[in-house]
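Chemist: Got a structure for you, questions after.
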Amino acid sequence: MLLRTTAAGTRLAFKSQTTAFAYALRCYSHLPLKVKIDLPNGISYEQPTGLFINNQFVASKQGKTFEVLSPSTEEEITHIYEGREEDVDAAVDAADKAFKSGVWSKIDPLIRGQCLNKLADYIEKDLDTIASIETLDNGKAFSSAKGDVQLVVNYLRSAAGFADKIDGRVIDSGSTHFSYTKKEPLGVCGQIIPWNFPLLMWAWKIAPAIVTGNTVVLKTAESTPLSALYVSQYIPKAGIPDGVINIVSGFGKIVGEAITTHPKIKKVAFTGSTATGRHIYQNAGVNLKKVTLELGGKSPNIIFADANLKSAVQNALVGIFYNSGEVCCAGSRLYVEESVYDEFLAEVKSASESVKVGDPFDPETFQGAQTSQNQLDKILKYVEIGKSEGATLVTGGARLGSKGYFVQPTVFADVEENMRIVKEEIFGPVVTITKFKNIDELVEKANDSEYGLAAGIHTSNINTAIDVSNRLNAGTIWVNTYNDFHHSVPFGGFNASGIGREMGEEAIANYTQVKAVRVKLQ
């Protein structure tokens, strides 16, 4: 197969009619709704390939499929069915029918919680297989994938605990009237998740939506659809009725666009880039849908001289190299107090060069592959930008090997605040290090960003920690830790980092609307 460019654009050209026919079969084929996959760690499993609509795996209406690659080998894993606008319509109709029937929205809330707990049980029993699917499909280290799946389990159970606690209130408005409020579900919710935490984002989206009585149509990321489809087989087994959760795999410009503009969808939740978030916000505004957005970040990670430097170095590495740096809240801007800057820089250099990068199924691997060729190319481009801007490349900055999307942990020093590598989200294992003299200077630099997702503070002085936390423009502040998530703690950003929150009571509130009832007493 070749790429040929003509006046009409780029098209596929084939060396023979046989090759062309084979390619057509792969893209428009009667693909089985499940295929057997043998994982590198010896686990074999059946991977669903269809769209998940009305509690069944089905072929897309056009029968079109797309390829899913392994980032660590660049080899094909499988094909899955590609949804289009008519598939979104079918999923929305199923979700709308389920919602209006009351089979889910009007049942005893405790039953909804019980179903979520059952779903968590199924996932926990199958944790190793699910984590292996994440590792194969996303390229992340297996140890990280296992942590993700455990957080999925924990969050489903946490959300289940809110099921019978979504209460209104009685309002004292005098003796002539009885006034009260009640919280009601919104209806059909459209959800679009990213490729860096495929199953975790699936859980963060569906759990608060369905525990409050809504129904869902969710689009997986086209590069990492496998785990969400796999765990969907447990939805009916957990007792969740037909049409409550629907999964449509496909591409953003088609499926995502259809979800964000669909007139029957009452709310859209999205995790991804700020640029795409702005577009979704505009689309949703046409129908005045409710919107929550968890977007990009360029988070400061601050090291004070009185911090435990050994722990701070390890937290800095977790902050930027965890999940191959593909974390929206990554601590990609390190600010180090002047008196310990040189010592810290030397320690970070040494520690970065000791990070095990490679086969994500190797138990010793901390940093796996980047998720796609595009992401690898973007990271390497930013390395060249940093060098051209005059920053000092302390370590890393190159691709590792010739197969798989691996890149060295990368550290830049001698940076200026106006450099692109300091201002722009790279979304990879690249960190900049800047020194500061005092807190006022630090806060000014840390807040000099369009983003406001997260920040880290490392100090032994609780007064410093609280003072700086209060002055930073970020939705999450970690003190003497980093990328330290808990299922009960809300997560979300300020400014261009988004609207609304994931997890905790705040996420539940995103999926309800308040009805006020005022009764005149006779």
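Values in this text are rule-based calculations from the coordinates and carry no lab data. The structure presented is a predicted model; accordingly, all values stated were derived computationally and were not measured. Using ideal geometry, Cβ is built from the backbone for each residue, glycine included, and neighbour counts are taken over all protein chains shown.
Chemist: For Trp478, list long-range residues whose amide hydrogen, built 1.01 Å from N in the peptide plane, is under 5 Å from its own amide hydrogen.
Modeler: For Trp478, the qualifying residues are Ala455, Gly456, Ile457.
Chemist: Can you order the peptides 54-65, 138-149 by their average number of other Cβ atoms within 10 Å per residue, highest first?
Modeler: 138-149, 54-65
Chemist: Multiplying the sequence separation of Asn463 and Val170 by 0.36 nm and subtracting their Cα-Cα distance, what value in nm do you get?
Modeler: Roughly 101.4 nm would be gained on extension.
Chemist: Using Cβ counts within 10 Å as a stand-in for footprinting exposure, how do Leu380, Leu472, Leu156 rank, fewest first? Before the final figure, lay out the partial values.
Modeler: On the way: Leu380 18, Leu472 22, Leu156 27.
Going from least to most buried by this count: Leu380, Leu472, Leu156.
Chemist: Okay, next question. Count the DSSP beta bridges whose two residues both fall in the stretch 83-294, then state the antiparallel fraction as a percent rounded to the nearest 5. Don't skip to the end; give the middle numbers.
Modeler: Numbers: 2 of 20 bridges.
The antiparallel fraction comes to roughly 10 percent.
Chemist: Mind listing the long-range amide H neighbours of Ser179? Cut-off is under 5 Å, sequence gap 5 or more, other chains count too, H placed in the peptide plane at 1.01 Å from N.
Modeler: Ile171, Ser173, Val519
Chemist: To continue, here is another question. Can you pull the percent of Cα pairs in the stretch 300-492 with separation above 24 Å?
Modeler: Values: 6358 of 18528 pairs.
Roughly 34 percent, rounded to a whole number.
Chemist: Please tell me which of these pairs span more than 21 angstrom C-alpha to C-alpha: Lys146/Lys310; Lys205/Lys290; Lys378/Lys403; Lys205/Lys515; Lys378/Lys437?
Modeler: Working: Lys146/Lys310 26 Å; Lys205/Lys290 14 Å; Lys378/Lys403 17 Å; Lys205/Lys515 23 Å; Lys378/Lys437 33 Å.
Those over the limit are Lys146/Lys310; Lys205/Lys515; Lys378/Lys437.
Chemist: Ok, one more. Which order do Ile240, Ile385, Ile265 fall in if you start with the one that has the fewest other Cβ atoms within 10 Å?
Modeler: Fewest to most other Cβ atoms nearby, the residues stand as Ile385, Ile240, Ile265.
Chemist: Students often check this: by mean Cβ neighbours within 10 Å, which of 322-331, 181-190, 229-238 ranks highest, and how do the rest follow?
Modeler: The peptides rank, most packed first, as 322-331, 181-190, 229-238.
Chemist: List the relative contact order of the stretch 300-492 as a percent without decimals, with contacts defined as Cα pairs under 8 Å and 6+ residues apart.
Modeler: 27 percent
Chemist: Counting only other residues whose beta carbon sits under 15 Å from that of Gly325, what net charge do I get with K and R as +1, D and E as -1?
Modeler: +3
Chemist: Provide the packing ranking of 74-83, 105-114, i.e. peptides ordered by the mean count of other C-beta atoms within 10 Å per residue, highest first.
Modeler: The most tightly packed comes first, giving 74-83, 105-114.
Chemist: If you don't mind, another one. Using the alpha-carbon centroid of each, what span in Å lies between the stretch 413-438 and the stretch 51-78?
Modeler: 38 Å
Chemist: Taking amide H positions as placed 1.01 Å from N in the peptide plane, with prolines and chain starts having none, which residues 5 or more places from Val216, or on another chain, fall under 5 Å of its amide H?
Modeler: Cys189, Ile245, Asn246
Chemist: Taking the chain, how much of its Cα-Cα pair set, in percent, is spaced more than 36 angstrom apart?
Modeler: Above the 36 Å cut-off, the chain has 35 percent of its Cα pairs.
Chemist: Run through the DSSP bridge list for the stretch 300-492 and note the antiparallel percent, rounded to the nearest 5.
Modeler: That works out to approximately 20 percent antiparallel.
Chemist: Can you work out ³J(HN,Hα) from phi for every residue in the stretch 515-522, in order, using Karplus 6.51 cos²θ - 1.76 cosθ + 1.60 and θ = phi - 60°, giving whole Hz and x for Gly and Pro?
Modeler: Taking θ as phi minus 60°, the curve returns 10, 9, 10, 10, 10, 7, 7, 7 Hz for the stretch 515-522.
Chemist: Then there's this: When the Kirkwood hydrodynamic radius is evaluated over all pairs of different C-alpha atoms of the stretch 83-294, what value in angstrom, to one decimal, is obtained?
Modeler: After inverting the mean inverse Cα-Cα distance, the result is 17.7 Å.
Chemist: Which value at 222 nm does the chain reach when only helices count, each DSSP H run of 4 or more adding -39,500 (n - 2.57), with the total divided by all residues and rounded to the nearest 500 deg cm²/dmol?
Modeler: Counting only the DSSP helices, I get -11000 deg cm²/dmol.
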